[in-house]
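Beneath this line is the structure, given in structure tokens, with notes to follow.
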Amino acid sequence: MAISIKVNGVRHSVDVDGDTPLLWVLRDALGLTGTKFGCGIAQCGACTVFLNGKPLRSCAFPIAALGDGEVTTIEGVNGRTARAVQRAWTARDVPQCGYCQSGQVMSAIALLSEVRRPTDRDIDLAMNGNICRCAAYVRIRAAIKDAARTLEG
Amino acid sequence: MARHDTRLTRRDALKGVAGLVLGFYLPGDAAKAQSGAARIFTPDAGAAAFAPNAFVRIGADDRVTVLIKHIEFGQGPFTGLATLVAEELDADWSKVRAEHAPSNPDLYKNLAFGMQGTGGSTAIANSYEQMRKAGATARAMLVEAAAQAWRVPAGEITVERGVLRHARTGRTGRFGQFAQAASHVPVPDNVPLKDAARFRLIGREGAVRRLDSASKANGTAQFTIDIREPDMLTVVVARPSRFGGKVVSFEAGDARAVRGVVDVKEVPSGVAVYAEGMWPALKGRERLRVTWDEAGAEKRSTDEIIEAYRELARKPGTVAGQHGDAEAALARGGRVIEAEYVFPYLAHAPMEPLDGFLHWDGQRALARLGSQLQTGDHQAIAGVLGLSPEQVRLETMLAGGSFGRRAQPTMELAVELAQVAKAIGPGRPVKLVWTREDDIRGGYYRPLFVHRLRGALRDGKIVAWANTAVGQTFLKGSPFEAMIKDGIDPLMVEGARELSYDIADFRCDVHTADVGVPTLWWRSVGHTHTGYAVECFVDELLQAAGQDPVAGRLAMMGKAPRHAGVLRAVADLARWSGPGPFNDRARGVAVVESFGSFIAQIAEVSAGGPEGPRVHRVWCAVDCGVAVNPDVIRAQMEGGIGFGLGHALFAEVELDEGRPVQGNFDTYRSLRIHEMPQVEVAIVRSAETPTGVGEPGVPPIAPAVANAMARLGLPRPRRLPMLRGLAS
């Protein structure tokens, strides 16, 4: 069935079954492959996108439930917070294999959009749904703090 | 050498690592090589590009592209090998980029293996001279081109950050300006390499940043799973629930009825569902009804396998290492201590599940995947499709982790990829994708092991040590079988068959069990279990002898100066003043050499709660010879610690009547950010030839944590993962 969805500010009509997870609509129908598949059961966070600005695990979210919600993917993030996070990620050389990093970056942007000066506990709570099998966690934490300082300055 | 020059001139042999002859670029093979390298290299400069050898391309736009023969899956070879080239080339790092080299063993073999592939933490070690030579040769040719253009002696030209300069005449030029001219300069022989004192990039803090960070932080990095081509079908395969099961028959009517499912075919590994996208493929697979023949399948549970191993561990095995007479020394008495350690099957679970792309048109094939053993995968694909290797092009993609999973002696992923392409016939590009459950239940695990250790203490000294290991070999029956010597698979006992400690009477023996569960190397291979068994047991003996874990080890390290060096360095870094406990925290130590690198770690641990021990801080000292990229080394130590800790705390794949129990990250627990300790890394200065860092950070952390737990009065976990050990 044809479903209308708004992604990164652009409206698309996609012809998929309503039970199709948002992840596969993004990747297979729209070609937005920055959002990754890691587990399919909302356990690893590699598929994190924003729905109306809030983080969502797109692998376990059926497209039919989207309604009028606006989706933002790693391809569509912009603004001061996103830039600060991505710069901090690069400056710290956070990524190793990099496969989980779209999701990590999305979760970090969401955190810093809510909490300007996150504590370690804030970081733990916001980021512990994102698995990094390379365990680049030391640098993820440091980069979030770097980005927070940039945003304050 | 110009790319169109077809003259065959073998370069003077250079000695690479492991005494193998370094096969430098053969211009006579250029036609073959260009099929891959030149096609990948698509510079704005086009024909003006300078391609002095198989590894270096310089465009008129000054861009230096380094072709990387090792797969990049996070461990850093893009940056590392490019650093080696850029150092000798005196390149401007901001103009350097890296790409995977095509599959071509003549040009791109791992000098430690003799075939193209990555593993054993060899990327930097085997490339150190080869890539520097490639950079130095390119530099000499650029200098010669400038000397001819400026009519000055080449010896008077200096190069700095991509700029050639002749001081006396005040002339300067960029690499790009001389790229075309340099391609007509004869390739010089034996260009001298820099003295280490002149390094500007190698070993210099902050001199280079990783080449792949930006694209991985903004989602543009391309992995195999991201490949999209016209008419491409996504393929998932239904496989048996037990290892060794076979398809008897299947009913695919309901699967075919799913919108988007295009076809269903039997393949040797199971039943393949072809669809226009991942979701219909998965829905189709769910609706398959497959009858399996599991008569020949492994049906034991892990508890039964462990019991069988325990029994074997009480009998002497094949001797893998001995000096003196351990049995006689143990029988002489003193204080004899015995311990048995049990290690579970572990999945690698790289973040990107296994996947591959293949386009076969009947005459030729293009394969694109995160191949860790390119030569084997290339040949396997050609074999299944009935093509010659020359008719197959294999391109290596960035891979979302591997930890050993993508290096398959059986080439099972490449074989399955070719089989699903063959089953649907030529002309339909396929992308084969495994789900997380396919991955964790798919075998090729770190083998389950039991180690039984006995040691004797007399006069406060460890005087005897006997270790019997029981596990599986994955080399037998593989192309790597020649590594098995005198009936012993060295990967089963590496780190246990000889110790860095002086112990008068020593024996290590091994039983090789026959179990129908496919197993594989897993980040740091045998050291994943031998490091734990040895470092826990030596610590237990030292504790019983009333000795300090650091001083006690150092006293036995007379013949192991580099082990002692990292142990002293980590003790300094942590300001060691004994194991504690201090308030509610204690410190544990472990030292493990693997793949020629020496790592010591100290973990600071508190008892925690039902969630298991809490690891607060880890100090790590590493001696990997010349430290090419210090920050990549630190990253690999941090990551290795997190990877090792997560598995030690939480991870196992159990079998219930042969069926893997865990299937996804809800049950195969991975370390999460709130469980990651603070990490401090010291890199020991060394002029030794560089060795690897991808794996060696892993082995010490688990025993360091266990040894700290013992000082807190908790049992040293005898069975991993620790959380299970604590609960039982």
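The values are calculated or read from the model by the stated rules, or taken from the named source; none is laboratory data. Predicted model only: the values in this text are computed from it and were never measured. With ideal geometry, Cβ positions are generated from the backbone for all residues, glycine too; neighbour counts draw on all protein chains shown. Side chains are part of the model used for accessible areas, which takes the heavy atoms of the whole protein and leaves out ligands, DNA and RNA. Shrake-Rupley method; radii C 1.70, N 1.55, O 1.52, S 1.80 Å.
Considering only B:444, A:147, A:20, and ranking their Cα positions along the charge dipole of the protein assembly as shown that arises from unit charges at the beta-carbon of Lys, Arg, Asp and Glu, the one farthest toward the positive end is A:147.
When each of the peptides B:54-67, A:91-104 is scored by the mean number of other C-beta atoms lying within 10 Å of its residues, the order from highest to lowest reads A:91-104, B:54-67.
Translational diffusion of the range B:33-217, estimated by Stokes-Einstein from the Kirkwood radius over alpha carbon pairs at 37 °C in a medium of 0.692 mPa s, is 197 µm² per second.
With all protein chains in place and a 1.4 Å probe, the accessible surface of the range B:501-610 carries 50 percent carbon and sulfur.
Determine, from the Cβ-Cβ distance of residue B:152 and residue B:685 and an R0 of 35 Å, the FRET efficiency 1/(1 + (r/R0)^6), rounded to the nearest 0.05. With a Förster radius of 35 Å, E is 0.35.
Straight-distance candidates among the lysines for linking to residue A:6, with alpha-carbon spacing under 20 Å and chain neighbours fewer than 8 residues away dropped: A:36, A:54. When the alpha carbon gyration tensor of the range B:270-419 is reduced to an equivalent ellipsoid, the three semi-axes, largest first, read 45, 22, 15 Å. Beta bridges from DSSP with both residues in chain B: antiparallel share about 75 percent, rounded to the nearest 5.
Entry comment: accessible area of the range A:2-72 is 36 Å² per residue, from protein heavy atoms only and a probe of 1.4 Å. The loop-placed trypsin sites (Lys or Arg not before Pro) in the range B:634-711, going by DSSP, that have at most 13 neighbouring Cβ atoms within 10 Å of their Cβ come out as B:685. Here's how it looks for residue B:320: its modeled amide H is under 5 Å from those of B:508, B:509, B:510, which are all 5 or more places away or on a different chain. When both the range B:527-551 and the range A:66-124 are represented by their alpha-carbon centers, they are found 42 Å apart. The calculated FRET efficiency for residue B:657 paired with residue B:160, based on their beta-carbon distance and R0 = 56 Å, is about 0.25.
Here the protein assembly as shown is assigned +1 on the Cβ of each Lys and Arg and -1 on the Cβ of each Asp and Glu. Its dipole about the Cα centre then comes out at about 1740 debye.
A DSSP coil position with no more than 14 other Cβ atoms inside 10 Å describes the following GluC sites (Glu not before Pro) in the range B:582-667: B:611, B:657.
Sorting the Cα pairs of the range B:412-540 by distance into bins of 10 Å, from 0 upward, gives 11, 33, 25, 17, 9, 4, 1, 0 percent per bin. Taking Cα centre as origin and charging only the Cβ of basic (Lys, Arg, +1) and acidic (Asp, Glu, -1) residues, the dipole magnitude of the range B:33-217 rounds to 280 debye.
Highest mean first, the peptides A:6-12, B:642-648 sorted by other C-beta atoms within 10 Å per residue fall in the order B:642-648, A:6-12. For the protein assembly as shown, the residue among A:98, B:290, A:4 whose Cα projects farthest onto the positive side of the dipole built from Cβ charges is A:98. Plugging the Kirkwood radius over Cα pairs into Stokes-Einstein for the range A:2-72, at a temperature of 10 °C and a viscosity of 1.306 mPa s, what D comes out in µm²/s? Stokes-Einstein gives a translational diffusion coefficient of 135 µm²/s.
Eigenvalues of the alpha-carbon gyration tensor of the range B:494-645, scaled by 5 and square-rooted, set the equivalent ellipsoid semi-axes at 24, 20, 19 angstrom, largest first. Could you give the distance between the Cα centres of the range B:226-289 and the range B:645-722, to the whole Å? Rounded to whole Å, the Cα centres lie 36 Å apart.
Remark: the Cα gyration tensor places chain B in the oblate category, a/c being 1.5 or greater and a/b not exceeding b/c. Taking R0 as 30 Å, what's the FRET efficiency between residue B:220 and residue A:54 from their Cβ-Cβ distance, rounded to 0.05? Efficiency, from the Cβ-Cβ distance: 0.80.
Taking only the C-alpha atoms of the protein assembly as shown, Rg followed by Dmax gives 27.6, 83 Å. What share of the DSSP beta bridges in the protein assembly as shown is antiparallel, in percent to the nearest 5? Just about 75 percent of them are antiparallel. Dipole size of the range A:2-72 about its Cα centre, with +1 on Lys/Arg Cβ and -1 on Asp/Glu Cβ: approximately 280 debye, rounded to the nearest 20.
Note on residue B:95: lysines with a C-alpha under 28 Å away, same-chain residues under 8 apart excluded, are B:32, B:69, B:109, B:133, B:194, B:216. With only the Cα atoms considered, the range A:7-153 has a convex hull volume of 99 Å³ per residue. Take each residue of peptide B:673-681, count the partner chain Cβ atoms within 10 Å of its Cβ, and average: the result is 6. Applying the Karplus relation 6.51 cos²θ - 1.76 cosθ + 1.60 with θ = phi - 60° to the range B:105-110 yields 3J(HN,Hα) values of x, 4, 8, 10, 5, 6 Hz, where x marks Gly and Pro.
Size descriptors for the range B:568-709: radius of gyration and Dmax over Cα atoms are 16.1, 53 Å.
The mean number of Cβ atoms from other chains found within 10 Å of a Cβ in peptide B:226-233 is 1, as a whole number.
Taking amide H positions as modeled 1.01 Å from N, with prolines and chain starts lacking one, the residues under 5 Å from residue B:298 and 5 or more places away or on another chain are B:243. Measure out, as a whole number of angstrom, how far apart the alpha-carbon centroids of the range B:559-577 and the range B:359-398 sit. The range B:559-577 and the range B:359-398 have Cα centres separated by 47 Å.
Taken over the Cα atoms of the range B:546-608, the convex hull encloses 90 Å³ per residue. Available extension along the chain between residue B:315 and residue B:291 is 4.5 nm, counting 0.36 nm per residue and deducting the alpha carbon span. Working note: Karplus 6.51/-1.76/1.60 with θ = phi - 60° gives the range B:216-224 the couplings 8, 8, 10, x, 8, 4, 9, 10, 4 Hz, where Gly and Pro are set to x.
Looking at the range B:539-589, the trypsin sites (Lys or Arg not before Pro) that sit in a DSSP loop and have at most 14 other Cβ atoms within 10 Å of their own Cβ are B:559, B:575. Over all projection directions, the Cα-based convex hull of the range A:80-152 averages an area of 4.0 nm².
Projected label points at residue A:149 and residue B:674, each 7 Å from Cα along the beta carbon direction, are separated by 2.6 nanometres.
Buried accessible surface for the B/A pair, both sides summed and rounded to the nearest 100, is 4600 Å² with a 1.4 Å probe.
Counting Cβ atoms of other protein chains within 10 Å of each Cβ in B:344-353 and taking the mean gives 4. Each of B:704, B:717, B:322 was placed along the dipole of chain B (beta-carbon charges, centred on the mean Cα), and the one lying farthest toward the positive end is B:704.
Cα-based radius of gyration for the range B:199-239, normalised by 2.2 N^0.38 Å, reads 2.03. Gain on full extension, evaluated as 0.36 nm per residue between residue B:616 and residue B:583 minus their Cα-Cα distance, stands at 10.5 nm.
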